[in-house]
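Here the structure is laid out as structure tokens; the discussion comes afterwards.
Read the figures in this text as sums done on the coordinates, not as results from a lab. It should be emphasised that the depicted structure is a prediction, and the values quoted were computed from it without experimental measurement. Backbone-built Cβ (ideal geometry, glycine too); neighbour counts: all protein chains shown.
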Amino acid sequence: MEHHQNQTSTIKSSSLKMEHQLGEQCRLFPASFWIAPYSEVDLVVNVKELEAEAGKGCHFCQVLAAWRMKGDISKFCSYKISKLDRSMPLGGPRGLIYFGLILEIRDPWPQFLDEGEDLHKLIEWRRQNTSQKCGTLFSPVRLSTHFGEAATRGYPYQLRYDVTDSLIWLQDTKKGSPESSSASCEAMEYSVALMKTWISRCEQKHGDACRAALAVQDFIPTRLLDLQAFERGEPFTYRDDVKLVDLRQDTLNHNDRQPPYLTLSHCWGPPEKRPATTTRANLAANMNRILFSSLPKTFQDAVEITRRLGQRYLWIDSLCIIQDDEADWAHEASLMAKVYTHSYCTLAALSSSDSSQGLNMVRPDFLLNHEIRGNQNDQYRVQAWKGTRSRWSGEYYASRDQSPLRYRAWTLQERELSTRTIHFGHQQLLWECLEGKACTQHPWPLFDRGQMTLRKAMASTSEITVDQAKEMRMKWQNLVEEYSGRSLAIPTDKLIALSGIAHSYQVLFPNAKYVAGLWSTHMPQCLLWASPDRSARRVSEYIAPSWSWASLNSSSSIKFLPALFFQPDNGFPEVEDMKGSPKHNDPYGALTDATLTLRNALLVQFDSGIKRLDEVSAFNEGLEEEDRNLGVLIMHDVAAGLAYLDDVDELLQGTGELVCLVIGIEDVSGDTRKTPVEHYFAGKWDFCLEGLLLTRVVQGDASRCTYRRVGIARYISESFKAGWEPGKLILI
């Protein structure tokens, strides 16, 4: 951080007036330092003074004093403490203000020489401390040293710490809630204050993306939980109760704007921890009253937070959908995109594996917690804390044990479609909206304006550019890759749990047809997907056609092949027809059947079928376990290429007549991601055929060329396509 001399005034701690000091425990830090904008004040602290205050019990001084350099000469050092230039107030002068600090330990040159000390001691001190690693409030950093011209011209030599992980927050204490001895209550108070700040800034400061997304509220879910139904005229112990309501026919809402509501994203957990639900048997009772005490902890927390945020209505899937009514469930599932798109804010129980664990709210472990008064006699509380540093992505993408919600398939669309989301993580709160992200340890927004997201594209009033359309195509593939690795309690929900996102993407792909997780305008390249999971199997009950990634039950994410190929001489296969038969009248949801008809399709037939990799003499030794399930395509008794089978059982049971539907010509010369076996095949040539591995299916009309996918084929010599003519085929 660089400070401009015309903006910064340096103050000596000894000249401070007592009424502006940080409480009575520490004389060194004035209120003006904490309250003033970052560019207006720096603080210079003598090491001896700092150690004296640390000895009197000031925890913050104790932390700073721990950063002493090696050697006795350190007693001549001084500290210069400055605010980071990226610090920003959140909520104005009365509310929360967050900022980081920079700590500079100044070279003892001037004072050292004044004391008449031996210059060789100073040189040795510099040598000892140049490569020293010291700890900041959160994580170790390396000292950066500044030699060169500045040092030779006599400027003070400095050792600089970038304490970007230090967070100080000030809160107006006059309007705070009554203090509680309960740690959970304190965590609730702290968390709600932070949530209110994020939401307020989003409403007041963010651009068109966030504002446009919620500007028109013309949708209301079929059912909502009314959290204020029993506020008046009830015994105090029952005022927390809630009930289900249907606001669609509410004659009081005559202004064409529906009331705001929050949504909850949560893990249902195992059957023995199944959350509270609405069924046909208890629907009437739930429309009359739901006892607050009967709700699981996660639901109770969601109700409490929604009320504290000043909102009346809350949507929870298990209570707002009739779980044993197939027609109601299918209808509500088709509305998922709208439910989350129009939500005021989504509360995501990121670190809770079931509804009994609650919304995790952690109050930081404070090193410093003092009240101060500003120049206008405003009362604030300054707090500093330390702990294990956790960035936004590190918290969200944590392990399954720490962030179980992220591994549930249903919750992906709940995150993707929401305008605002507050994730209750293992260590801290995470904020996410269309303009940026933030978290407890880094509460100022981490903007990422350049990335085109689904909700940002939907909220945009301008036409999407060609580059943005390409970006959204890649976004869809990345989304499918992430989604396919998530867990589903009911495998047949695979397309249903993605239907909300698919419905929203239709706006971005207006000329495309969607069937079974794939878009017609992404053909034929999007057909080249594979699963690294060798235990993957096709599900017995119909979910999707064989050419869709959704037909495979895999514990790992499927991967789309990178676009490393060129168009064949005859051109790419073209989509003539692509259709699916919806199971519940939702074209984006579950299917009973689907077909893909392609013209200009070039098929290469393998006369000798396929062999296991370990059956080929060149690979019968030294195979890695993951390679043993690869197949070798044989033509004219020669190994013609590699087969990546969707279901390895099909190799053991025999696949019948095998053909390769050529999708493109792959440039393998620059691909460095190949395994040793792939290097063996790809090393023979620079360009290879790649495509779908198909087997013939005889149905009704034997003259129809109907095929079923069994995998993909790669590293096939271009010479093998000689003599074959393109035609038309049907994939099922």
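Report the label-to-label distance for residue 331 and residue 219 in nanometres (one decimal), using points 7 Å from each Cα along the Cα→Cβ vector.
Using points 7 Å along Cα→Cβ, the separation is 1.7 nm.
Obtain the nm distance between the two label points defined at residue 469 and residue 185 by a simple spin-label model: each point lies 7 Å from its Cα along the Cα-to-C-beta direction.
5.9 nm
In whole Å, what is the distance between the alpha-carbon centres of the range 294-341 and the range 532-553?
31 Å
Give me 503, 522, 423, 266 sorted ascending by neighbouring Cβ count inside 10 Å, so fewest comes first.
With the sparsest Cβ surroundings first, the list reads 522, 503, 423, 266.
Among 435, 414, rank each residue by its count of other Cβ atoms within 10 Å, from fewest to most, as a rough exposure measure.
Placing the least packed residue first, the sequence is 435, 414.
Once both labels are modelled 7 Å past Cα along the beta-carbon direction, what's the residue 724-residue 511 spacing in nm?
Using points 7 Å along Cα→Cβ, the separation is 3.0 nm.
Can you put 47, 466, 362 in order of Cβ neighbours within 10 angstrom, beginning with the fewest?
Values: 47 21, 466 7, 362 18.
The most exposed by this proxy come first: 466, 362, 47.
Output ³J(HN,Hα) for the range 409-418: one whole-Hz value per residue in order, computed from phi by the Karplus curve 6.51 cos²θ - 1.76 cosθ + 1.60 with θ = phi - 60°, and x for Gly and Pro.
4, 4, 7, 5, 5, 5, 6, 5, 8, 7
Between their Cα atoms, which of 513/579; 475/559; 579/728; 513/559; 338/583; 297/494 are more than 18 Å away from each other? Could you put the intermediate results ahead of the total?
Numbers: 513/579 8 Å; 475/559 13 Å; 579/728 16 Å; 513/559 22 Å; 338/583 21 Å; 297/494 28 Å.
Where the Cα-Cα span goes over 18 Å, the pairs concerned are 513/559; 338/583; 297/494.
Near the amide H of residue 707, under 5 Å away, which other amide H atoms are found, from residues 5 or more places off or on another chain, if H is placed in the peptide plane?
Residues meeting the amide H criterion: 697, 730, 731, 732.
What are the residues whose amide H is under 5 Å from the amide H of residue 316, where those residues sit 5 or more places off or on another chain and H is modelled from the backbone?
Sorted by chain and number, the residues that satisfy this are 225.
For the range 325-336, just list the computed ³J(HN,Hα) in residue order, Karplus coefficients 6.51, -1.76 and 1.60, θ = phi - 60°, integers in Hz, with x standing in for Gly and Pro.
My calculation for the range 325-336 gives 10, 4, 5, 5, 4, 5, 5, 5, 4, 6, 9, 4 Hz in order.
Between residue 538 and residues 5 or more places away or on another chain, which pairs have amide H atoms under 5 Å apart, with H built 1.01 Å from N, and which residues are they?
The answer is 553.
Could you give each residue of the range 685-698 its phi-based ³J(HN,Hα) in whole Hz, using Karplus coefficients 6.51, -1.76, 1.60 with θ = phi - 60°, and x for Gly or Pro?
Per residue, the Karplus-derived 3J(HN,Hα) values read 7, 8, 10, 9, 7, 9, x, 8, 9, 10, 10, 6, 10, 9 Hz.
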